[in-house]
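Below: one structure, written as structure tokens.
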Amino acid sequence: MADASAVAGEDGGELTAADRDLVRRYCTNVDRRVFALRNLPEVVRGALFSRYSRTEKSLRRVLLDEFLLEPAAGIEPGGGPAPDGDGDGLVDAGRAEDFYQRVLVGYGDDSVAELAGAHLAVERVSNLAAKALEDSRVGISPLEKSTRYVRFDRRGAGGRFPYHRGPELRHPAYEPAMDALFEAYSGLVGPLTERVREAHPMAADETERAWKTATRARALDLLRGLLPAGTLTNLGLYGNGRAFEYLLTKLAASDLPECRGLAGEMHAELAQVIPAFVRRALDERHGAPAAAYLADARRAVAALAPRGGPPAAPPAAEVRLVDHEPDAERRVVAAALFPHSDLPLAALGELSVDVEGVLRALLGGRANRRHRAPRALEHAHYTFEITANFGAYRDLQRHRMLSQERQLLGTALGHDVSPELAAHGLDGGFRRALERAAEAHRALEAELGPALAQYAVPFAFRVRWYFGSSLREIYHLCELRTGVQGHPDYRHVAQEMFRRVREVHPRLAAHARFVDMGEAGDLERRASERRIDRRLDELGG
Ligand SMILES: Cc1cc2nc3c(=O)[nH]c(=O)nc-3n(C[C@H](O)[C@H](O)[C@H](O)COP(=O)(O)OP(=O)(O)OC[C@H]3O[C@@H](n4cnc5c(N)ncnc54)[C@H](O)[C@@H]3O)c2cc1C
């Protein structure tokens, strides 16, 4: 019999005062219908949620009956809070392994692996591997060390510059060319920062902090083209088990030994925090055959892909619109009207409607870029082919709501050197280091193959990639990436993408009002750093 203070749920799962005392540690409240879980290991959170679809009990009741009071679950309900606050360590993982496996198998399908997540740090990996790790669109959020705020020439153990050196890259041309790139970068950071500071002196209304940060960011932006794809970086990934599982399988299928090695290392760490959710990633029954399929398909398609010899290098970055729908306006307008109408989509598409009136009603009220364009814009699609430097590619590849694939990095499409470096009289050493890297790349390509040779290619060299996107993502990407604070290289690509869309669909493009088509002017970070100062002031220093 429930006591007088019991919380009655419609499910009849009443909680006594004693029950409430038990669950209080694990729920943000014990009596309201909305609550968050806390102080529980990921595996328990995931297993708990997996029960939702197969029970009429409330979640608190399930937590009590099936986990806290169930010895096989291995939870110590009376234990103090875990030192790290998220409850890991509360469960005797070894003892409870079978229990969680049974819950997940019994109550879920593949999607239960989305019910638990992990933060994974991956350090000292090449930029090539970082790109592979960031090539996940659903379920993983990456963040990577910035070439704008961090110097990349700090020497590591043995005084060696930070770039990938695997046994697969043993070639006499590799390390000397990589060292030359880092020597050039290192030698230029100081003098270039000085020149930038002379050209952009501190303003009266600016703090020294803001000025120094903005000028240093400009210098590091100008020099990043020297960094080779083998440059080591650090990144953090937050993701759910299912997304990690697929990422591990893709890494295991990679043609780069570094990525295949990472698959095993990442799996070993994830298996300590979300074991039940990544169990299949590399196993013989599921993961290994899936990876074999991906690798075999890559090899089979590569054998059929025609090659035309070294392409002519374009004089500058290029953005071509290779595909779009002539009837995009009709599609977007029909999709916009659909939820408010009782007509089928096809019928709406055939009606004669006031296109500009509908677009104005839909988009005219946007006051800034964070007012997201609605889904109707996902009914217009564009495919671009972009040829731009790898630095710009690195930035744009991180956009996820679209389809991107690149060709292998190489040196045949030419490179970009900012005219500003030449204006400061500092482009000589920069160009010489690039040339030396290009020679090393050619030697590596001939002897080790084009996939491994990518490590020697500096960010200044161009790569070609396709970019399939809906108009909604074009709005988001172009409004974000044309901001004056962005790196000029990707800013130029985003402006060109927007120009191409505006040429074919001026009325659809007209409402992307926060795209900045202006010329680059002042230091990219200057206004942002001043804003940071103002905010710090407001916060009291
Ligand atoms: C000036 C500038 C500096 C930057 N500096 C750095 C840096 O130093 N280091 C670094 O790592 N990155 C940096 N970035 C990249 C940035 O963090 C994003 O990774 C990148 O811009 C992808 O864009 P997006 O997150 O807006 O989303 P997209 O992938 O383009 O997706 C579009 C929108 O969909 C939604 N969305 C997509 N995926 C998710 C998700 N998993 N969860 C929730 N919502 C989602 C979001 O609303 C998102 O804005 C920088 C970007 C800019 C513009």
Number of positions in region 415-454 that are of a type in the set (Gly, Ala, Ser), open to solvent by less than 60 Å² (accessible area, probe 1.4 Å) and either in contact with a Pro (Cβ under 7 Å, 6 or more places away or on another chain) or farther than 28 Å from Ala520 by Cα (or both): 7
All positions within region 475-502 that are closer than 12 Å to Glu524 by Cβ, more than 10 Å from the ligand (Cβ to nearest atom) and touching a strand residue (DSSP E or B) at 6+ places or on another chain (Cβ under 9 Å): Asp489
Sole exception among (1) among the aromatic types (Phe, Trp, Tyr); (2) open to solvent by less than 10 Å² (accessible area, probe 1.4 Å); (3) part of a loop (DSSP other than H, G, I, E, B) for Phe467, by number: (3)
Every pair of residues 6+ apart whose Cβ atoms lie under 7 Å, when the first sits in region 391-411 and is more than 14 Å from Phe461 (Cα to Cα) while the second is within 13 Å of the ligand (Cβ to nearest atom) and assigned to a loop (DSSP other than H, G, I, E, B): Asp395/His487; Gln397/Glu134; Arg398/Glu134; Arg400/Arg137; Gln404/Gln397
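Residue-wise test of (1) hydrophobic (A, V, I, L, M, F, W, C); (2) touching a Leu at 6+ places or on another chain (Cβ under 9 Å).
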{"residue": "Leu222", "(1), (2)": "yes, yes"}
{"residue": "Gly225", "(1), (2)": "no, yes"}
{"residue": "Phe244", "(1), (2)": "yes, yes"}
{"residue": "Ala253", "(1), (2)": "yes, yes"}
{"residue": "Glu258", "(1), (2)": "no, yes"}
{"residue": "Leu270", "(1), (2)": "yes, yes"}
{"residue": "His286", "(1), (2)": "no, no"}
{"residue": "Asp296", "(1), (2)": "no, no"}
In region 520-541, the residues that are under 26 Å from Ala373 (Cβ atoms) and modelled with pLDDT of 80 or more: Arg531
Residue list for region 454-498, restricted to those being of a type in the set (Lys, Arg) and under 15 Å from His511 (Cα atoms): Arg472
Test: Arg507 is touching a helix residue (DSSP H, G or I) at 6+ places or on another chain (Cβ under 7 Å), more than 12 Å from the ligand (Cβ to nearest atom) and open to solvent by 30 Å² or more (accessible area, probe 1.4 Å): yes
Single match in Tyr163, Tyr100 (criterion: touching a Pro at 6+ places or on another chain (Cβ under 9 Å), aromatic (Phe, Trp, Tyr) and either at pLDDT 95 or above or closer than 30 Å to Met401 by Cβ (or both)): Tyr163
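Among the candidates Arg472, Arg462, Arg513, which residue alone is buried (at least 22 other Cβ atoms within 10 Å of the Cβ) and among the basic types (Lys, Arg)?
Of the residues listed, the single one that is buried (at least 22 other Cβ atoms within 10 Å of the Cβ) and among the basic types (Lys, Arg) is Arg462.
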Filter result (on the phi > 0 side of the Ramachandran plot and near the ligand (Cβ under 8 Å from one of its atoms)) within region 126-170: Gly139
Region 43-58 - residue that is in a helix (DSSP H, G or I) and basic (Lys, Arg) and, of those, modelled with the lowest pLDDT: Arg54
Condition broken by Gly521, with the remaining ones in (1) open to solvent by 10 Å² or more (accessible area, probe 1.4 Å); (2) within 13 Å of the ligand (Cβ to nearest atom); (3) among the small types (Gly, Ala, Ser) satisfied: (2)
Matching residues, region 95-143, being open to solvent by 20 Å² or more (accessible area, probe 1.4 Å) and within 19 Å of Gln454 (Cβ to Cβ): Arg124, Ala132, Asp135
Selection status of Pro176, more than 13 Å from the ligand (Cβ to nearest atom) and not acidic (Asp, Glu): yes
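If you check Leu363 against the conditions, is it farther than 19 Å from Ala509 by Cβ and of a type in the set (A, V, I, L, M, F, W, C)? Quick ask: steps written out before the conclusion?
Working: farther than 19 Å from Ala509 by Cβ: no; of a type in the set (A, V, I, L, M, F, W, C): yes.
It is false that Leu363 is farther than 19 Å from Ala509 by Cβ and of a type in the set (A, V, I, L, M, F, W, C).
Of all the residues that make up region 446-474, how many are more than 12 Å from the ligand (Cβ to nearest atom) and under 30 Å from Glu529 (Cβ atoms)? Lay out the reasoning, then the answer.
Applying the first criterion (more than 12 Å from the ligand (Cβ to nearest atom)) to region 446-474 yields 446-466, 468, 471.
With under 30 Å from Glu529 (Cβ atoms) added as a condition, the list becomes 458-460.
Count: 3.
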Subset tally (residues that are closer than 17 Å to Arg45 by Cα and either crowded, with 22+ Cβ neighbours inside 10 Å or within 21 Å of the chain's Cα centre (by Cα) (or both)) for region 265-275: 2
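The values are calculated or read from the model by the stated rules, or taken from the named source; none is laboratory data. Note that the structure is predicted; figures quoted are calculated from it, not measured. Here the Cβ is made from the backbone with ideal geometry for all residues, glycine too, and neighbour counts use every protein chain on show. The protein model used for the area step is the full one, side chains on, heavy atoms only, and it has no ligands, DNA or RNA in it. Shrake-Rupley method; radii C 1.70, N 1.55, O 1.52, S 1.80 Å.
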